[in-house]
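A short worksheet on the structure shown next.
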Amino acid sequence: MSKWEMRFLELARHVAQWSKDPSTKVGAVIVDKNRRVVSMGFNGFARNTNDMPERYSDREEKHAWVLHAEENAIIQASEPLRGMTIYTSSLPCTRCTARIIQAGILRVVGPHHIEDPFTYRTDYPFDDVSRKVVRELIGANVRFKLLDYKWHLIWGAALLFCLFQLFKGSF
C-alpha cells in the first residue's frame, strides 16, 4: 500500500463526513494517473432539493432519492473518467459498480477491515452482494484493491508515540 493510496482513502473518508445522512456516510474520490483529484462525492439528496433530516429518517424515501457517493463523484466529474481510479470509504453497491464500469474507471480501492468509524459501520460483511460486486469488477477488467486502514492507524499512532517520547524534552 502506498502513501498516496492511504491519502486518497483518507480523503474519501473525510468527504464522507459531508453527508447529512445520520446512519450512513460514504465518500468517493476519483483520481487520474498523475495522482490528481478529478472529482469527489458523498451520499445525499440531489443538490437544490429538500435534504432535511426527516427525509433521511424515512427509509423508503431515502433509498428512492439519495445519490450514492460514487454516483455523485462520477456525475460531477468535468472530464472523461476512462482509466482512472476511484477510492471509496465503503464497498460500492451493485448499482454504483455498474456506473463505475460504464464510466471506464479501471481501478477501485476501498477499506478492508471490520470496524469503520468514518461511515458508522459496525460490520463489513462480505456477503452475496459483495461477491457479485467483486465478480462484476473482475469480469469487466477493473482492478479491485482493499486497504487495511486499521493497521495504518495503529502504526501511525505507534510512530507518533515514539517520536513524542524521543523529543518530549526538546520543546
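The values are calculated or read from the model by the stated rules, or taken from the named source; none is laboratory data. As the structure is a prediction and not an experimental result, all values here were calculated from the model. For neighbour counting, all protein chains shown are included, and Cβ atoms are generated from backbone atoms with ideal geometry for every residue, glycine included. Note: areas computed on protein heavy atoms with side chains; ligands, DNA, RNA excluded. Shrake-Rupley method; radii C 1.70, N 1.55, O 1.52, S 1.80 Å.
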> Scanning segment 102-133 for residues that are farther than 15 Å from Phe8 by Cβ, modelled with pLDDT of 80 or more and outside any loop (DSSP other than H, G, I, E, B), which turns out least open to solvent (accessible area, probe 1.4 Å)?
Replying inline: Val133
> Is it the case that segment 52-64 has a residue that's at pLDDT below 95, more than 20 Å from Ile138 (Cα to Cα) and assigned to a loop (DSSP other than H, G, I, E, B)?
Replying inline: yes
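Please find, within segment 65-83, the residue that is most open to solvent (accessible area, probe 1.4 Å) out of those that are assigned to a loop (DSSP other than H, G, I, E, B) and touching a Ser or Thr at 6+ places or on another chain (Cβ under 9 Å). Write out each step before concluding.
Let us first name the residues in segment 65-83 that are assigned to a loop (DSSP other than H, G, I, E, B), namely 66, 68, 77-83.
After this cut, where a residue has to be touching a Ser or Thr at 6+ places or on another chain (Cβ under 9 Å) as well, the list is 66, 77-79, 81.
Values: Val66: 16, Ala77: 23, Ser78: 109, Glu79: 66, Leu81: 10 Å².
My answer is Ser78.
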> Thr49 fails exactly one of the following numbered conditions: (1) of a type in the set (Ser, Thr, Tyr); (2) assigned to a loop (DSSP other than H, G, I, E, B); (3) under 13 Å from Ile86 (Cα atoms). What is the number of that condition?
Replying inline: (3)
> So Leu11 clears everything in (1) open to solvent by less than 20 Å² (accessible area, probe 1.4 Å); (2) in contact (Cβ under 8 Å) with a residue 60 or more places away in the chain; (3) within 16 Å of Met84 (Cβ to Cβ); (4) not charged (D, E, K, R) except one condition, right? Which one?
Replying inline: (1)
>> So, in segment 53-91, exactly how many residues are within 19 Å of Asn34 (Cβ to Cβ) and of a type in the set (Ser, Thr, Tyr)?
In response: 3
> Are there any pairs with C-beta distances below 8 angstrom linking a residue in segment 32-55 that is under 18 Å from Trp18 (Cβ atoms) and open to solvent by less than 20 Å² (accessible area, probe 1.4 Å) to a residue that is part of a loop (DSSP other than H, G, I, E, B) and among the basic types (Lys, Arg), with the two at least 6 apart or on different chains, and if so which?
Replying inline: Asn43/Lys25; Gly44/Lys20
